[in-house]
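The values are calculated or read from the model by the stated rules, or taken from the named source; none is laboratory data. Given the structure is predicted, the values throughout are model-derived calculations rather than measurements. Cβ sites come from the backbone with ideal geometry, for glycine too, and all protein chains shown count toward neighbours.
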């Protein structure tokens, strides 16, 4: 065993050396404006992520294991929440969160086909996809022009006797008006699903977003606040929702034994389930229609190292946002991101919307930035109802719209965002400010 440990330690030492030779950012690497690429996002890592990854590979457990359990525990501790479950993507997290609300174990509060779920059309499609896929009816309300979040004044009008839940995201890390949304949810006994995939580390009234609702979700895709390559999480304080989510994540099984572990329940061959014969192996009893949404332990190993750095990532995002805001706030052609006084965002991106003063289009400005090696992104779908995926759906039957989606369409046509991820230095931030100002002054 001494030989094994020695070899293990030598391998990790070589990994560290390899990181410093190949991946470590070079202090003498010069940023050349117009030639060096300014990406909207990127990974920030060091030798710790690589060593964890290789350590997990040497262990060769591969599926959900000790690093996964460690990550779930530490994420829950960071958020101050009871339960966190790792999954293979943020989209899977949204799917799992919504699927959990369809469980028969929830009784009359279970979401069934034809029930309504309030959401917005301005955002990422996988916030809406699970609603449609489970046969529920998404009810779309407009967003506010400044925060790009749900227009809470429209919430009461959107509620009907069929409404069971609200499922919305914190746009680009900017918390929506949680108190207003929670008030409506509490008054009408609605589930609240917080899509927190773009907002990990954001706070509202001092409390982390994703922990205000019944269930929250995160994404660990490379451009997000932290990464494990692919990956996501579902978290909740509700033991029943945790039990349901764990079942659906792990094939829908009734058993909660970890991989490679048998008879945690102590009744593997002694109980009767459904119409199965007495003593049917509990490991193969299915109480839900589920999936396999687990991550590999190698991914979780990377996440564990990322989570240690995460508080510094949040602070750097805030710092970068302030620099961009201060550099562009005097331009009357641009409307910049706004937040609520109670909000302390962990910004994912810097949203810019053209005002009526602009003598140019969003695409003209975006194209100019791209030509100058500055990456841009639209606010995801802009208006999901305008996309081909909705062409086969029927309004009033498959979905509803409350009021108009004027601001949603405005964002679709006139808004875009640029990056502010933690690996972005002041030279790149100042170059983006300078380039935008140059275009407008032409």
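Observations on the structure shown:
- Some residue of segment 2-9 being surrounded by 15 or more Cβ atoms within 10 Å (Cβ to Cβ) and in contact with a helix residue (DSSP H, G or I) (Cβ under 7 Å, 6 or more places away or on another chain): no
- Test: residue in segment 338-350 that is outside the structural domain of residue 431 (by TED's automatic domain parsing) and over 21 Å from residue 226 (Cβ atoms): no
- Of all residues in segment 214-226, none satisfies the criterion of being over 10 Å from the mean Cα position of the chain (by Cα) and within 14 Å of residue 68 (Cα to Cα).
- Segment 49-67 residues that are crowded, with 21+ Cβ neighbours inside 10 Å, paired with ones that are part of a loop (DSSP other than H, G, I, E, B) and modelled with pLDDT under 95 (beta carbon under 6 Å, 6 or more apart): 64/259
- Of the residues making up segment 264-286, those that are touching a residue at least 12 places away in the same chain (Cβ under 8 Å) and either over 23 Å from residue 102 (Cβ atoms) or not in a loop (DSSP other than H, G, I, E, B) (or both) are 265, 267, 268, 269, 281, 282, 283, 284, 286.
- Scan of segment 148-162 for residues that are in contact with a helix residue (DSSP H, G or I) (Cβ under 7 Å, 6 or more places away or on another chain) and more than 19 Å from residue 385 (Cβ to Cβ), ordered by number: 152, 156, 159
Yes/no matrix, rows are residues, columns are (1) free of Cβ contacts under 8 Å to residues at least 40 places away in the same chain; (2) surrounded by fewer than 21 Cβ atoms within 10 Å (Cβ to Cβ):
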| position | (1), (2) |
| --- | --- |
| 187 | yes, yes |
| 196 | yes, no |
| 232 | no, no |
| 240 | no, yes |
| 288 | no, no |
| 297 | no, no |
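- Of everything listed in (1) surrounded by fewer than 22 Cβ atoms within 10 Å (Cβ to Cβ); (2) within 27 Å of residue 196 (Cα to Cα), the single unmet condition for residue 71 is (1).
- Residue that is in contact with a strand residue (DSSP E or B) (Cβ under 8 Å, 6 or more places away or on another chain) and either over 24 Å from residue 348 (Cα atoms) or not assigned by TED's automatic domain parsing to the domain that holds residue 59 (or both), where the choices are 44, 4, 38: 38
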